[in-house]
Amino acid sequence: MAGGRGTPLVEMKDISISFGGIKAVDHVSVDLYPGEVVGLLGHNGAGKSTLIKCLSGAYQRDAGEILIDGRPAAISNPRDARRYNIETIYQTLALADNLDAASNLFLGRELTTPLGLMDEAAMEAETRRIMARLNPNFRKFAAPVSALSGGQRQSVAIARAVYFNARILIMDEPTAALGPQETQMVAELIGELKRQGLGIFLIDHDVHQVKALCDRAAVMKNGRLVGIVRVEEVTTDDILAMIIAGKKPAHLAA
Amino acid sequence: MQHARTRSDAPARKSIFDSLELDTRLLGMIGAFVVLCLVFNLVTDGRFLTPRNIFNLTIQTVSVAIMATGMVFVIVTRNIDLSVGALLATCSAVMAMVQTVVLPGWLGLGLGHWAIAPLAIAAGLATGAVIGGFQGWLVGFLGIPAFIVTLGGLLVWRNVAWYLTNGQTIGPLDPTYQLLGGINGTLGESLSWGFGLAATVFALVYMATSRRNRRAHDFPVKPRWAEAVLGLVVAGAILGFVAVLNAYEVPARKLARIFEARGAVLPEGFTAGYGLPFSVILLILIAAGMTVIARRTRFGRYVFATGGNPDAAALSGINTRWLTVKVFALMGVLCALSAVVASARLTFHSNDIGTLDELRVIAAAVIGGTALAGGSGTIYGAILGALIMQSLQSGMAMVGVDAPFQNIVVGAVLVLAVLVDILYRKRTGER
Ligand SMILES: Nc1ncnc2c1ncn2[C@@H]1O[C@H](COP(=O)(O)OP(=O)(O)OP(=O)(O)O)[C@@H](O)[C@H]1O
Ligand SMILES: [Mg+2]
């Protein structure tokens, strides 16, 4: 069990961001330790995706601070985030539909030959290797991802995030489109990555899944942080109550 | 386990077409082109498919085809460039002024000095890159729609060219420079064969190495006979093209003049073919280079990724603004190269050079299968599109179709080609 010891891998302090008057994230602070999975929960539009996009470099926060390994991190675009070994599975998957799986997996980080040209064969081989682990039924390596099913597309997005030795992994509803077997494989993958010492932010609407996979759960409502609880100290009903009522249950409020 | 898979998941029997793994869209375009040529040949009693006419068609296509390869990148990234004809005019004006006024007058290089052509072309390329890059910056960094930037550019650069030359025709241009115009500079028969053979060997070696590469990774490959058939077709096409251009003979009068200039007499029965024009070689090199850029470089990959999903490209760490600048700068450089070919073909710079080229270039790219929605398009398609447009135009002129009808047909064909493309995409399930 990690958490509460040593320097946090990530500290997001007092993060605020608004879109034309709407406070999408309002003074939220969360942290993440190595080898820990922190679940982010909340109703639709609570601000979960917006919060993690500040960490992944997709959005610029209006206020607040991000520390990585205890040091202030300058993250102003997705390239910066990748430099800090932050990998993200976006809710929208962020795939280029006209390209095949391998091209998407290596987008922005293509393998090249000594001449500086792309090494397509090597990239396809690596893609076949990782997909064999994530989704053994996956066959469509030559097709553009627009020709894939929702779950297959999600597998490609997951493969991209875990391939590049992330230290910090952000997963925004990674299993929303997956079948039960594939969901189980992702759950096992999360466990394995956790043992390797990665820190993982997991956004998921399934409270049982969060209770099973996460160490702590952070609940948001209307852009504000309701509270962060250790999952073993609460029941799923407690978490649901936090999501719906927007306040910590009485027996935890101390 | 993986190895067993790649072999066994293929259906037991494949049709001939599946085995060849041909691009059906390419086949369709080639088919349409062949039909077009045959019809014109029939109507003109065989005057359309003579070596002479094919030679002329080829050199007339080069200027638009060069720009069309760049337009593919522009349209793939969901932009448009309406200023290419005007930019061509500005580059042409700059090069004409540099070689007739700046270098001889201000720097004192004598007429015909060897450095005039390279320096003039360098100035033109720099002009194209800077203007193109500037337009790209307006689009990428300031967020002004490309349609507006380049619509403004159409007016601006057309009239900058006018201003630079006071609206006058500038010529004659430097003799070395004129070599890039087409008939004024050709490779001759034996060197053309050499070039054709080299190109054939290169194509075959390329096919063989990519096959070996796929084998090495245990990826599925085409059957050997399919590969051999494709190789033969490619070799036949290249060498056939060279043979046709070699068959166009230099007129006896011109030969006599050449021999006279050398102080010799034209031997009895001596003939010589023109062979490959330098401008066509330039187009072939550009086509090969642009194809490599599109398919094998990271820049090309980012162009297509940005066209497919700009947000995804940005989230993958691609600097899409800077990419826009580069794409437009590349377009500008290609406009400058087209300007070299166009003005060298005329042997002078004229004030109306490149007028309406933006429409021809966009039409060539679109007929060649470049989707205006972005994300898909091919270099060879755009070149074929340019060739189809030019054949249509000169075929109709040869048949004696009135000028207004020529343009009516070309306009209708453009719309029809896009309709066919939409239907094709629907059937193949492509977006
Ligand atoms: N780019 C944007 N422009 C304007 N408003 C935005 C933008 N992104 C998010 N918002 C707003 O911010 C709020 C939080 O959105 P966010 O996507 O973070 O919710 P979420 O918690 O991820 O919801 P869900 O569970 O539906 O994914 C919403 O009210 C949304 O409308
Ligand atoms: Mg969300």
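The values are calculated or read from the model by the stated rules, or taken from the named source; none is laboratory data. All figures in this text were calculated on a predicted structure; none of them were measured in a lab. We place every Cβ from the backbone using ideal geometry, glycine too, and count neighbours over all the protein chains shown.
Might you check whether a residue that is touching a strand residue (DSSP E or B) at 6+ places or on another chain (Cβ under 7 Å), of a type in the set (A, V, I, L, M) and within 11 Å of chain B (Cβ to nearest Cβ) occurs anywhere in the stretch A:97-104? Yes: one or more hits. Exactly one residue out of A:Gly116, A:Gly70 is in contact with a Ser or Thr (Cβ under 8 Å, 6 or more places away or on another chain), surrounded by fewer than 14 Cβ atoms within 10 Å (Cβ to Cβ) and within 11 Å of chain B (Cβ to nearest Cβ), and it is A:Gly116. Just one residue in the set B:Val325, B:Val333 is farther than 24 Å from B:Ile388 by Cβ and under 14 Å from the mean Cα position of the chain (by Cα); that residue is B:Val333.
Within the stretch A:2-21, the set of residues being in contact with a Gly (Cβ under 9 Å, 6 or more places away or on another chain), of a type outside the set (A, V, I, L, M) and in a strand (DSSP E or B) comprises A:Glu11, A:Lys13, A:Asp14, A:Ser16, A:Ser18. Among the residues of the stretch B:224-242, are any assigned to a loop (DSSP other than H, G, I, E, B) and crowded, with 16+ Cβ neighbours inside 10 Å? For the stretch B:224-242, residues assigned to a loop (DSSP other than H, G, I, E, B) and crowded, with 16+ Cβ neighbours inside 10 Å: absent.
For the stretch A:131-147, the set of residues classified as among the aliphatic types (A, V, I, L, M) and more than 12 Å from chain B (Cβ to nearest Cβ) consists of A:Leu134 only. Whenever a residue of the stretch A:47-66 is touching a residue at least 60 places away in the same chain (Cβ under 8 Å), its partners that are within 16 Å of ligand 2 (Cβ to nearest atom) and of a type in the set (Asp, Glu), lying with C-beta atoms within less than 7 angstrom and at least six residues away or across chains, give the pairs A:Ser49/A:Asp172; A:Ile52/A:Asp172.
Assess whether A:Ala121 counts as being within 9 Å of chain B (Cβ to nearest Cβ), in contact with a Lys or Arg (Cβ under 9 Å, 6 or more places away or on another chain) and modelled with pLDDT under 90. So A:Ala121 passes the test. Screening A:Ala46, A:Ala94 for residues that are among the hydrophobic types (A, V, I, L, M, F, W, C) and under 18 Å from A:Ala161 (Cα atoms) leaves exactly one candidate, A:Ala94.
Scanning the stretch A:155-186 for residues that are closer than 16 Å to A:Ala101 by Cβ and within 14 Å of another protein chain (Cβ to nearest Cβ) yields A:Val156, A:Ala157, A:Ala159, A:Arg160, A:Ala161, A:Tyr163, A:Phe164.
For the stretch A:22-94, the strands (runs of 3 or more DSSP E) that sit wholly inside it and include 1 or more residues that are hydroxyl-bearing (Ser, Thr, Tyr) and within 16 Å of ligand 1 (Cβ to nearest atom) are A:86-89. You will find that of A:Ile86, A:Ile17, A:Ile68, the residue that is within 22 Å of A:Ala187 (Cα to Cα) and among the β-branched types (Val, Ile, Thr) is A:Ile86 and no other.
Counting only helices (runs of 4 or more DSSP H) that sit wholly inside the stretch B:268-349, those with at least 2 residues that are hydroxyl-bearing (Ser, Thr, Tyr) are B:278-296, B:298-308, B:320-346.
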